[in-house]
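Have a look at the structure below before the remarks.
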Amino acid sequence: MRLQAKDIYLDTLTREHCLTLWHDYEYDFDNPSEELRLGLADEGAYEWYDEIRRLQGKVNLRLGIFLNDRRVIGDIALQNIDRVNRKCSIGLAIAKLSNRSRGYGEQATRLMLKYGFEYLGMERIYADTLENNVGAQKLLQKCGFKLEGRERESVYLNGQKYDKLNYAILRHEYFAGKAK
Ligand SMILES: CC(C)(COP(=O)(O)OP(=O)(O)OC[C@H]1O[C@@H](n2cnc3c(N)ncnc32)[C@H](O)[C@@H]1OP(=O)(O)O)[C@@H](O)C(=O)NCCC(=O)NCCS
């Protein structure tokens, strides 16, 4: 399965893609979104791949983000798929800093929203991010997510406390945004 946008497409991740992303992922020291972890071995990439396969199509759907020249640059996932309440979360990462702020994350998110709402029948897709993560907030807002909550001092990262922001988009909001 392949979902195509203008500059990127989403497709299945292989073990080799996971290893590439594992090595390519760069830490944004000015805008940290997770703990800085050092000394990771390649086995971690293969464990990640095994985990993806174990959950794929059940509670998660994780795909690679590829440039049109077939280079893998990131990953995006619908997670915690709850088929009873028809909701799930969304998360993504663009591995190299040089590939960020180029519109790839937004294109990937719009493809996943389309898949989630139009094919999986979701009613609600949500995402959490940290207060310092301006890029994620801008991306979510551009894609139609609304801010629903703020978990004060929820995350302790690199010696600093951050609020966690809760965003979500509902099915009718997604279709209203599409009609514009
Ligand atoms: C957050 C992330 C996925 C955004 O992806 P991206 O491809 O860089 O985002 P886009 O280029 O599609 O940008 C969408 C909007 O956000 C803006 N933006 C992106 N990064 C930004 C930053 N660091 N600071 C300010 N604005 C930023 C873009 O300029 C764009 O707005 P515009 O169209 O008005 O110019 C990416 O930065 C990333 O992988 N970060 C690390 C992991 C992470 O934080 N994941 C998100 C968890 S919810």
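Details
- Residues within the stretch 27-57 that are of a type in the set (D, E, K, R), closer than 28 Å to Leu165 by Cβ and without any contact (Cβ under 8 Å) to a residue 24 or more places away in the chain, tallied: 3
- Failed item in (1) within 24 Å of Asn133 (Cβ to Cβ); (2) of a type outside the set (Val, Ile, Thr); (3) loosely packed, with under 14 Cβ neighbours inside 10 Å, with Leu61 passing the rest: (3)
- Between Met122, Met112, the distinction of being touching a residue at least 40 places away in the same chain (Cβ under 8 Å) and within 26 Å of Glu16 (Cβ to Cβ) belongs to Met112 only.
- Filter result (modelled with pLDDT of 95 or more, away from the ligand (no atom under 14 Å from the Cβ) and aliphatic (A, V, I, L, M)) within the stretch 21-54: Ala45, Ile52
- Some residue of the stretch 138-151 being closer than 25 Å to Ala45 by Cα and at pLDDT 95 or above: no
- Exclusive hit being surrounded by fewer than 16 Cβ atoms within 10 Å (Cβ to Cβ) and acidic (Asp, Glu), set Asp11, Asp28: Asp28
- Filtering the stretch 31-46 to residues that are touching a strand residue (DSSP E or B) at 6+ places or on another chain (Cβ under 8 Å) and surrounded by 12 or more Cβ atoms within 10 Å (Cβ to Cβ) leaves Pro32, Ser33, Glu34.
- Positions within the stretch 113-150 being within 12 Å of the ligand (Cβ to nearest atom) and in a helix (DSSP H, G or I), in sequence order: Val134, Gly135, Ala136, Gln137, Lys138, Leu139, Leu140, Gln141, Lys142
- Some residue of the stretch 121-136 being among the polar types (S, T, N, Q), closer than 25 Å to Pro32 by Cβ and in contact with an Asp or Glu (Cβ under 8 Å, 6 or more places away or on another chain): no
- Here Val72 qualifies as on the phi < 0 side of the Ramachandran plot and in contact with a Ser or Thr (Cβ under 6 Å, 6 or more places away or on another chain).
- Applying the criterion of being over 21 Å from Met1 (Cα atoms) and touching a helix residue (DSSP H, G or I) at 6+ places or on another chain (Cβ under 8 Å) to the residues of the stretch 102-129, the residue that is surrounded by the fewest Cβ atoms within 10 Å (Cβ to Cβ) is Glu123.
- Total residues in the stretch 11-40, condition under 18 Å from Arg62 (Cα atoms) and among the aromatic types (Phe, Trp, Tyr): 2
- Considering the stretch 86-101, and only residues there that are farther than 16 Å from Leu10 by Cα and near the ligand (Cβ under 6 Å from one of its atoms), the residue that is least open to solvent (accessible area, probe 1.4 Å) turns out to be Arg100.
The values are calculated or read from the model by the stated rules, or taken from the named source; none is laboratory data. Quick caveat: nothing in here was measured; it's all calculated off a predicted structure. Cβ: placed from backbone, ideal geometry, glycine included. Neighbour counts: every protein chain shown. Please note that ligands, DNA and RNA were not included when accessible areas were found on the heavy atoms of the full protein model with its side chains. Shrake-Rupley method; radii C 1.70, N 1.55, O 1.52, S 1.80 Å.
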